[in-house]
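K.L.:
Attaching a single structure in structure tokens format; questions to follow.
Bear in mind that the values in this text are calculations on the coordinates, not laboratory data. Here the structure is a predicted model, which is why all the values come from computation and not from measurement. Don't worry about glycine lacking a Cβ; one is built from the backbone with ideal geometry, like all the others, and counts go over all protein chains shown.
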Number of protein chains: 2
Amino acid sequence: MTPSATGTGVSGEGFQPPARVVMIGAGQLARMTYQAAVDYGVALHVLATSADDPAVTAGAALSLGAYDRVGDLVAAAGHGDVLTFDHELVPPAHLRTLEDMGHVLQPNASALAFAQDKLHARRLLGGVGRLPVPMPAFAPAGTADDIAAFAVTHGWPVVAKARGGGYDGRGVHVLAGPDDARRLLPGSPGTAEPEWVVEEHLDISAELAILVARRPSGQFVSYPPVGTRQEDGMCRELVMPADVPAEVAGEATRLAESIVAGIDATGICAIELFWVADGRLLLNELALRPHNSGHATIEACVTSQFHQHLRAVLDWPLGPTTLVRPAAATVNLVGGAQGVDYAVRLPGALGVPGAHVHLYAKASRPGRKVGHVTALGASTEEALDTARTAAAILTEP
Amino acid sequence: MTPSATGTGVSGEGFQPPARVVMIGAGQLARMTYQAAVDYGVALHVLATSADDPAVTAGAALSLGAYDRVGDLVAAAGHGDVLTFDHELVPPAHLRTLEDMGHVLQPNASALAFAQDKLHARRLLGGVGRLPVPMPAFAPAGTADDIAAFAVTHGWPVVAKARGGGYDGRGVHVLAGPDDARRLLPGSPGTAEPEWVVEEHLDISAELAILVARRPSGQFVSYPPVGTRQEDGMCRELVMPADVPAEVAGEATRLAESIVAGIDATGICAIELFWVADGRLLLNELALRPHNSGHATIEACVTSQFHQHLRAVLDWPLGPTTLVRPAAATVNLVGGAQGVDYAVRLPGALGVPGAHVHLYAKASRPGRKVGHVTALGASTEEALDTARTAAAILTEP
């Protein structure tokens with residue numbers, strides 16, 4: 001219970017915070033969660049790898065340490081009553097250790113495993129588990145031969161995904177044939193645990209993300225489906241609501257809710273789905289934390305995903321998820337050019353009426369998400385047009 | 001340019017903030033301005049009297065010091081390119097000193113004088129100045145005899161207001177007759193500068209606040225008029241838009257805009273007006289800073305008053321002020337009971353669908369504003385009902 005040396009964690013003199021939450025990780029998701037915590041007077045303490053991390057520069061109290069060192073996790077956990085996460089990289093054994101010590105993890109270690117290990121998620125959700133969740137055909141892959149064997153049944157190309165640790169397109173490869181497979185996995189056959197999942201290549205009509213918030217006591221709410229557009233495997237643009245027929249939106253929401261309840265997840269959960277040309281809705285992957293696909297909720301919904309995450313992990317009543325305007329869009333700012341001068345770019349972008357700019361206080365680097373722009377509108381086209389215009393001013397070379 | 005020892009002011013490794021702003025004062029207005037600064041990656045440095053001040057516990061970098069010590073002001077001013085304020089208590093001579101040293105004050109010292117000194121504002125705006133602003137009959141008052149002389153013309157009761165320093169009803173007295181006047185000003189007649197303004201007592205139909213944001217380069221925007229309801233001189237409830245005829249709203253807005261431009265104010269300005277039973281619109285007082293009457297803009301308008309204040313003082317493009325829903329209401333949380341347990345009260349209040357709760361991390365004390373609740377709705381009645389219900393849960397004994 002030692003107070004942080006570098007921040008009081010929104011606890012003023014004589015003020016008792018309504019709750020004390022610890023978040024492992026201090027990136028932009030923790031930054032925006034912290035902004036919501038300030039509204040509620042909730043003390044949010046983060047485990048950060050650097051005092052320059054986005055949540056720390058926003059003001060969160062911190063422990064400095066590594067998410068893969070159990071001692072650092074335990075030290076951070078002592079600063080709150082509930083432990084939650086801005087990424088899924090904490091080793092499962094450490095999560096179990098924290099639970100064995102009596103710390104309250106939201107979501108719990110068993111649920112987090114579904115976000116940490118794609119093979120685990122595919123195996124347990126794909127029919128052998130409690131829920132018959134529709135998903136792409138898949139197989140574990142330790143060698144190029146495993147991939148080739150899968151392709152005999154499902155044809156080339158195939159998609160190879162690292163079981164864990166991948167994000168923003170890292171760890172995902174489309175393989176056109178056996179040569180690609182050998183380049184990815186040049187090693188000879190062994191008996192080691194397969195580190196990859198190979199999946200059928202799909203003809204995708206749309207990618208959807210369903211945000212569901214769920215409390216430990218079981219209450220849950222869902223947001224309007226989000227349509228996502230990827231580029232180089234990284235999410236670039238999002239619209240809310242997604243441009244899909246109402247029955248697809250409804251089925252996607254029911255599927256997402258059944259997954260979240262089925263794995264006993266808590267907090268905000270992002271269930272990413274493929275809507276395939278043949279009409280099927282298939283599970284892509286899931287994240288059990290505030291998610292890029294929900295950034296528009298800050299301005300567009302009665303309750304932002306960040307406020308909702310705090311409410312959910314604290315088992316507090318959840319808030320309405322309804323849109324305040326008919327549509328919203330978010331465009332991610334992916335840092336290309338070095339040395340972008342925000343003193344010029346930001347006023348330029350704010351000259352676009354209705355553009356809500358969020359900068360994460362991260363230096364620009366190629367391929368790095370450094371912020372986002374959200375806009376609301378009478379239609380997703382209108383909102384997207386506004387957000388794109390402002391985002392272009394902030395990122396163009 | 002010494003970096004603060006206790007915060008990096010939203011500037012991460014390798015990230016150059018778009019601007020550096022200093023705010024004098026670190027109360028809830030600075031706290032919410034800081035939350036907006038985090039969105040923009042703007043470094044906000046505050047001059048705080050305590051590390052427990054609301055803006056500091058939210059994460060703002062700080063200088064510790066007093067707003068009435070010129071050395072402390074100068075030290076804080078070095079942390080930014082623009083200096084602004086969360087109150088009007090800085091001595092005018094110190095403001096002039098800062099300007100003489102080359103610091104950029106937004107608003108400037110001449111404009112601030114209109115918010116600092118009610119007699120100055122009445123005299124300069126009431127016909128002898130540039131603008132013929134309608135206002136209550138008034139006179140300077142140094143003694144009880146001055147007040148009695150005013151009452152000969154205007155009748156009892158009268159209203160006595162301290163020239164400066166008053167807020168939340170402090171420094172405002174309704175005087176029923178000569179005995180009240182003598183109790184307020186028991187001293188004998190002297191030649192000292194009068195410290196009070198005496199005004200006619202009005203039959204008020206409604207109190208309005210018009211928020212106007214103005215840039216140094218002249219661009220300005222106004223928000224929909226706010227209706228305010230006072231209790232013991234402290235603002236308790238606000239609705240947006242105010243429940244007045246369209247022609248009254250229009251006249252109030254034109255009047256507010258002409259005052260703001262006339263005194264060359266910059267940043268967010270709150271012009272408080274009386275709508276009197278005989279139909280006149282009269283200037284009450286003005287504040288040149290983010291203002292309690294604008295808190296609903298956080299959720300209700302495309303651009304919050306706090307984002308807008310930063311944009312305005314930085315001479316950046318101003319944002320749209322339109323409502324995203326037809327109506328909004330804010331209820332202030334005035335701390336009555338000691339030891340309110342927010343761990344119970346806050347979840348209770350969040351169980352009211354659509355209640356947006358903001359706690360300032362201040363200990364509860366009788367008569368102290370410790371937070372506010374905003375709600376949106378199809379009508380101000382609907383919004384007010386939601387906000388009142390949640391506020392009651394947070395404050396009732």
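K.L.:
Spelling out what I want: for every residue of the stretch B:385-393, take phi, set θ = phi - 60°, compute 6.51 cos²θ - 1.76 cosθ + 1.60 (Karplus), and round to whole Hz; glycine and proline get x.
P.N.:
Whole-Hz 3J(HN,Hα) from phi for the stretch B:385-393: 4, 4, 5, 5, 4, 5, 5, 4, 4.
K.L.:
What number, in percent, do you get for the relative contact order of the stretch A:20-105 if the mean sequence gap of Cα pairs under 8 Å and at least 6 apart is divided by its residue count?
P.N.:
Dividing the mean separation by the residue count of the stretch A:20-105 yields 33 percent.
K.L.:
Semi-axes of the stretch B:281-397's equivalent ellipsoid from the Cα gyration tensor, sqrt of 5 times each eigenvalue, largest first, rounded to whole Å?
P.N.:
Taking √(5λ) for each Cα gyration eigenvalue gives 26, 18, 14 Å.
K.L.:
Averaged across orientations, what area in nm² does the convex hull of the alpha carbons in the stretch A:139-267 project?
P.N.:
It is 9.7 nm².
K.L.:
Computed on alpha carbon atoms, what radius of gyration and Dmax characterise the stretch B:90-140, expressed in Å?
P.N.:
Both quantities, over Cα of the stretch B:90-140: 12.9, 39 Å.
K.L.:
What is the pair-distance distribution P(r) of the stretch B:290-348, computed from all Cα-Cα distances in 10 Å bins starting at 0, with each bin given as a whole percent?
P.N.:
Binned Cα distances yield the sequence 20, 35, 27, 15, 2.
K.L.:
Still on this model: Would you give the gap between the C-alpha center of the stretch B:65-131 and the C-alpha center of the stretch A:329-390, rounded to a whole Å?
P.N.:
35 Å
K.L.:
A follow-up question, please. Just to be sure I understand: if I project the alpha-carbon convex hull of the stretch A:209-356 onto a plane and average over all orientations, what area do I get in nm²? Before the final figure, lay out the partial values.
P.N.:
Working: hull surface 40.8 nm².
With the hull built on Cα positions only, its mean projection is 10.2 nm².
K.L.:
A follow-up question, please. Cβ neighbours within 10 Å, averaged per peptide: list B:312-320, A:57-65 in order, most packed at the top.
P.N.:
A:57-65, B:312-320
K.L.:
Hey, got the dipole for the protein assembly as shown? About the Cα centre, +1 on K and R Cβ, -1 on D and E Cβ, debye to the nearest 20?
P.N.:
That gives the protein assembly as shown a dipole magnitude of about 620 debye.
K.L.:
Moving to a separate point now. Using only the C-alpha atoms of the stretch A:20-105, find the volume of their convex hull and express it per residue in Å³.
P.N.:
On the way: hull volume 6.1 nm³, N = 86.
Value for the stretch A:20-105: 71 Å³ per residue.
K.L.:
Partner chain Cβ atoms within 10 Å, averaged over the residues of B:16-25 - can you pull that number for me?
P.N.:
Mean partner shielding for this stretch: 3.
K.L.:
Could you bin all the Cα-Cα distances of chain A into 20 Å bins starting at 0 and give me the percent of pairs in each, rounded to whole numbers?
P.N.:
Calculated over all Cα pairs of chain A, the distribution is 27, 59, 14, 0 percent.
K.L.:
So what is the relative contact order of chain A, in percent, for Cα pairs below 8 Å that sit 6 or more residues apart?
P.N.:
It comes to 13 percent, rounded to a whole number.
K.L.:
Sticking to Cα atoms, compute the Rg of the stretch A:174-248 to one decimal and its Dmax as the biggest Cα-Cα distance, whole number, in Å.
P.N.:
For the stretch A:174-248, the Cα radius of gyration and maximum Cα-Cα distance read 18.6, 51 Å.
K.L.:
Same structure again: Counting other beta carbons within 10 Å of each Cβ, put A:Arg20, B:Arg215, B:Arg122 in order, fewest first.
P.N.:
By the 10 Å Cβ count, ascending: B:Arg215, A:Arg20, B:Arg122.
K.L.:
Taking the Cα centre of the stretch B:20-105 as the origin, how large is its charge dipole in debye, to the nearest 20, when only Lys and Arg (+1) and Asp and Glu (-1) carry charge on their Cβ atoms? Write down the numbers at each step before the final one.
P.N.:
Numbers: 4 positive and 10 negative charges, 20 e Å.
Roughly 100 debye for the stretch B:20-105.
K.L.:
Then there's this: Under a 5 Å amide H to amide H cut-off, with H placed in plane at 1.01 Å, what residues pair with A:Ala60 once short-range neighbours are removed?
P.N.:
Close amide H contacts, sequence-distant or interchain: none at all.
K.L.:
By average Cβ neighbour count within 10 Å, what is the ranking of A:50-56, A:286-292 from highest down?
P.N.:
So the order, starting with the most tightly packed, is A:286-292, A:50-56.
K.L.:
Once every Cα of the protein assembly as shown carries one equal point scatterer and solvent is ignored, give the base-10 log of I(q)/I(0) from the Debye formula at q = 0.05, 0.06, 0.08 Å⁻¹, two decimals.
P.N.:
For the protein assembly as shown at q = 0.05, 0.06, 0.08 Å⁻¹, log10 I(q)/I(0) is -0.29, -0.40, -0.68.
K.L.:
Let me ask another. Report ³J(HN,Hα) in whole Hz for each residue of the stretch B:100-115, in order, from the Karplus equation J = 6.51 cos²θ - 1.76 cosθ + 1.60 where θ = phi - 60°; Gly and Pro get x.
P.N.:
Running phi through 6.51 cos²θ - 1.76 cosθ + 1.60 with θ = phi - 60° gives 4, 6, x, 6, 8, 9, 10, x, 7, 4, 5, 5, 4, 4, 5, 8 Hz.
K.L.:
Let me have the relative contact order for the stretch A:137-200, percent, based on Cα pairs under 8 Å that are six or more residues apart.
P.N.:
55 percent
K.L.:
Toward the positive end of the charge dipole of the protein assembly as shown, about the Cα centre and with charges on Cβ (Lys, Arg +1; Asp, Glu -1), which of B:Leu211, A:Ala213, B:Trp196 goes farthest?
P.N.:
Working it through, the farthest residue towards the positive pole turns out to be B:Trp196.
K.L.:
If you don't mind, there's one more thing I want to ask. Restricting to Cα atoms and excluding each atom paired with itself, what does the Kirkwood estimate give for the stretch A:137-200 in Å?
P.N.:
In the stretch A:137-200 this quantity evaluates to 11.5 Å.
K.L.:
Explain nothing, just the number: dipole magnitude of the stretch B:137-200 about its Cα centre with +1 on each Lys and Arg Cβ and -1 on each Asp and Glu Cβ, in debye rounded to the nearest 20.
P.N.:
120 debye
K.L.:
So, one more: Return the average number of partner chain Cβ atoms within 10 angstrom of each residue Cβ along peptide B:361-369.
P.N.:
Average per residue, whole number: 3.
K.L.:
Within a 10 angstrom radius of the beta carbon, how do A:Thr266, A:Thr153 rank from fewest other beta carbons to most?
P.N.:
A:Thr153, A:Thr266
K.L.:
Divide by every residue of the protein assembly as shown the summed helix terms, -39500 (n - 2.57) for each DSSP H run of at least 4, and state the resulting mean residue ellipticity at 222 nm, rounded to the nearest 500 deg cm²/dmol.
P.N.:
Mean residue ellipticity, 222 nm, calculated: -9000 deg cm²/dmol.
K.L.:
Sort B:Glu88, A:Glu382 so the one with the fewest other Cβ atoms within 10 Å of its own Cβ comes first.
P.N.:
In increasing order of surrounding Cβ atoms, one gets A:Glu382, B:Glu88.
K.L.:
Now for a different question. Residues of A:52-62, mean number of Cβ from any other protein chain within 10 Å of their own Cβ, rounded to a whole number?
P.N.:
On the way: counts 6, 2, 5, 1, 5, 14, 13, 15, 1, 2, 0.
Across the residues of A:52-62, the mean count of other-chain Cβ atoms within 10 Å is 6.
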